[in-house]
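Enquirer: The structure follows.
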Amino acid sequence: MRTSASPAPESVLVVDDEPSLRTILAFIVQRVGAVPVLAPDAATARQLAAKHSFACALIDKNLPGENGLDFLKWLRSVQPGCNALIVTAYGNVDSAIEALRLGAFDYLLKPFEVDGLEHRLKLALDQWRLRQEHERMQAMLVQADRLASLGLLAAGVVHEVNTPLAYILSNLDWLDEELPSLREGLKRQGRQGTGTELTSLAERLAAVESTLRDIREGAERVRHIARDVKAFARREDDESVLVDLREVLEAALKMALVHIRYRARVVRDYQDVPLVKANEARLAQVFLNLVVNAAQAIPEDGGDHEIRVRLWTGPNGEACAEVTDTGTGIAPEHMAHLFEPFFTTKRSGEGTGLGLFICKSIVESVDGSITVESRPGKGTTFRLGLPPHVRAARATLSAERESSAAAS
Ligand SMILES: Nc1ncnc2c1ncn2[C@@H]1O[C@H](COP(=O)(O)OP(=O)(O)OP(=O)(O)O)[C@@H](O)[C@H]1O
Ligand SMILES: [Mg+2]
């Protein structure tokens, strides 16, 4: 199954027991560019509303069984964002007040004029869209704020770590210089000392050298991690530079190592890919979200799992990137919601549901696209297409960057 980040048309629930009216209402819904979902009674409508979310609902007040106002009350409790319009042939002031009190968006009398109802439905849909946009902006603000504080915190920690790290590394350099002369001195002494003494001292010195090599390796890793975190925490948020996706993807993989390590092996398939003009830290965040999601979709059961990362040049010269996992896959009913803010299937505390929403915002800010394909039980692929800055071979990267820096 495949889906993309482009918004799906809104769904409108139509609840009316008269087949001919349902047909007319469905026609009006289609005229305003939305998708009608039809129900002949409240019981069917409840089942539908339990599974799908609706932007609006057109509800007949006099339904068989449960009446329209009781259904409205229930609908408002499960989908408070859905704008409901009550349509009735038996209107009176009391029931209109009751409907509005229960949160109906509008109250319309039958027989209605198609144009009039279409207009009212359009208003309801517009208001729903505005509210969605408002919520989206608020979520982005909260996330931007969170990221800004995280960035500051990370930058502070990196700064604190870098000072003692520089001290450790310069002392290791000094030991590297000192050790050969110690070894030489030992050899000279050995000419006077006994063979056993010499062997024991030489062995101890070799052990010291090997331990120091381990310490250097560890310190170098800390230095790399600090450098990567610094790249993520960079504050000049709007700075766009020429980015090599290989480097960004590698940085993201390194950051995600702790999530990947015991779940899957990483397979790289890097072909020539053009440079992209973007904010490096933000692009790294996109890859980090995708790779962490991939790892989280793979059970830690020791199975033979893989996360495959691919880079290549698309048919129109665009920079393409893919993250594929052999994890659980995504249920078909979740596909349409993946890029919505706060959509998550993870336990509370494990996921906020903002990862893909942010990926989409970042990718769209550079006029790129993000799509997903998934097979439940088999795995998932997220694919990015980013406009190329220039078609440049990797070898010319520094030259490209220099000329871009000179130009800016
Ligand atoms: N590779 C994947 N395999 C299976 N499901 C995925 C994959 N990527 C995303 N999903 C599904 O999409 C949902 C939304 O992902 P998203 O990254 O937006 O949020 P999250 O991972 O739940 O939380 P957050 O990223 O904010 O910590 C996930 O909860 C999961 O159900
Ligand atoms: Mg996520």
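Enquirer: Among the residues of segment 25-45, write down those that are surrounded by fewer than 17 Cβ atoms within 10 Å (Cβ to Cβ) and assigned to a helix (DSSP H, G or I).
Expert: F27, Q30, R31, A43, T44
Enquirer: Return the residues of segment 332-369 that are under 18 Å from L245 (Cβ atoms) and either touching a Pro at 6+ places or on another chain (Cβ under 7 Å) or more than 8 Å from ligand 1 (Cβ to nearest atom) (or both); say none if nothing qualifies.
Expert: Within segment 332-369, K360, I362, V363, E364, S365, V366, D367, G368, S369 meet the criteria.
Enquirer: Further question: Taking segment 338-351 only, how many residues are within 12 Å of ligand 2 (Cβ to nearest atom), under 12 Å from the mean Cα position of the chain (by Cα) and open to solvent by 70 Å² or more (accessible area, probe 1.4 Å)?
Expert: Of the residues in segment 338-351, 1 are within 12 Å of ligand 2 (Cβ to nearest atom), under 12 Å from the mean Cα position of the chain (by Cα) and open to solvent by 70 Å² or more (accessible area, probe 1.4 Å).
Enquirer: To continue, here is another question. What number of residues in segment 280-296 are open to solvent by 20 Å² or more (accessible area, probe 1.4 Å) and either more than 15 Å from ligand 2 (Cβ to nearest atom) or modelled with pLDDT of 90 or more (or both)?
Expert: Within segment 280-296, residues that are open to solvent by 20 Å² or more (accessible area, probe 1.4 Å) and either more than 15 Å from ligand 2 (Cβ to nearest atom) or modelled with pLDDT of 90 or more (or both) number 7.
Enquirer: Give segment 222-252 a look and list any residue that's at pLDDT below 70 and either among the aromatic types (F, W, Y) or within 22 Å of R383 (Cβ to Cβ) (or both), or say none.
Expert: Selection gives F232 alone.
Enquirer: Between a residue in segment 79-102 that is under 16 Å from L58 (Cα atoms) and any residue that is assigned to a strand (DSSP E or B) and among the small types (G, A, S), which pairs come within a Cβ distance under 6 Å, given they are 6 or more apart or on different chains?
Expert: Between residues of segment 79-102 that are under 16 Å from L58 (Cα atoms) and residues that are assigned to a strand (DSSP E or B) and among the small types (G, A, S), the close pairs are C82/A57; A84/A57.
Enquirer: Please work out if R310 is more than 7 Å from ligand 1 (Cβ to nearest atom), open to solvent by 50 Å² or more (accessible area, probe 1.4 Å) and not in a loop (DSSP other than H, G, I, E, B).
Expert: Spelling it out, R310 is indeed more than 7 Å from ligand 1 (Cβ to nearest atom), open to solvent by 50 Å² or more (accessible area, probe 1.4 Å) and not in a loop (DSSP other than H, G, I, E, B).
Enquirer: Still on this model: What residue, of E135, E178, E160, E184, is in contact with a Pro (Cβ under 8 Å, 6 or more places away or on another chain) and in a helix (DSSP H, G or I)? Spell out the reasoning first.
Expert: Numbers: E178 fails: in contact with a Pro (Cβ under 8 Å, 6 or more places away or on another chain); E160 fails: in contact with a Pro (Cβ under 8 Å, 6 or more places away or on another chain); E184 fails: in contact with a Pro (Cβ under 8 Å, 6 or more places away or on another chain).
Selected residue: E135, the only one of E135, E178, E160, E184 that is in contact with a Pro (Cβ under 8 Å, 6 or more places away or on another chain) and in a helix (DSSP H, G or I).
Enquirer: Take Q132 and decide whether it is closer than 30 Å to E247 by Cα and surrounded by 15 or more Cβ atoms within 10 Å (Cβ to Cβ).
Expert: Here the answer is no, as Q132 does not meet what is asked.
Enquirer: Another question, if that's okay. Please find, within segment 364-380, the residue that is nearest to ligand 2 (Cβ to nearest atom) out of those that are over 17 Å from D325 (Cα atoms) and in a loop (DSSP other than H, G, I, E, B).
Expert: G368
Enquirer: Of the residues G329, G303, which is more than 10 Å from ligand 1 (Cβ to nearest atom) and either open to solvent by less than 50 Å² (accessible area, probe 1.4 Å) or part of a helix (DSSP H, G or I) (or both)?
Expert: G303
Enquirer: If L152 satisfies all but one of (1) open to solvent by 80 Å² or more (accessible area, probe 1.4 Å); (2) modelled with pLDDT of 85 or more, what's the number of the condition it fails?
Expert: Among (1) open to solvent by 80 Å² or more (accessible area, probe 1.4 Å); (2) modelled with pLDDT of 85 or more, L152 violates only (2).
Enquirer: Looking at segment 370-386 only, could you name the residues that are near ligand 1 (Cβ under 10 Å from one of its atoms) and more than 15 Å from the chain's Cα centre (by Cα)? If you could, list the steps in order and put the result at the bottom.
Expert: The first filter runs over segment 370-386 and keeps only residues near ligand 1 (Cβ under 10 Å from one of its atoms), leaving 372, 374, 376, 379-382.
Those that are near ligand 1 (Cβ under 10 Å from one of its atoms) and more than 15 Å from the chain's Cα centre (by Cα): S374, P376, G379.
Enquirer: Considering only residues that are away from ligand 2 (no atom under 14 Å from the Cβ) and outside any loop (DSSP other than H, G, I, E, B), look in segment 313-326 and name the one that is surrounded by the fewest Cβ atoms within 10 Å (Cβ to Cβ).
Expert: T313
Enquirer: Answer yes if at least one residue in segment 356-363 is more than 23 Å from V248 (Cβ to Cβ) and within 12 Å of ligand 2 (Cβ to nearest atom), and no otherwise.
Expert: Looking for residues that are more than 23 Å from V248 (Cβ to Cβ) and within 12 Å of ligand 2 (Cβ to nearest atom), one finds none in segment 356-363, hence no.
The values are calculated or read from the model by the stated rules, or taken from the named source; none is laboratory data. Since the structure is predicted, the reported quantities are computational estimates derived from the model, not experimental observations. A quick note on method: Cβ atoms are made from the backbone with ideal geometry, for glycine too, and the neighbour counts reach across all protein chains shown. What goes into the accessible areas is simple: the full protein's heavy atoms, side chains included, and nothing from ligands, DNA or RNA. Shrake-Rupley method; radii C 1.70, N 1.55, O 1.52, S 1.80 Å.
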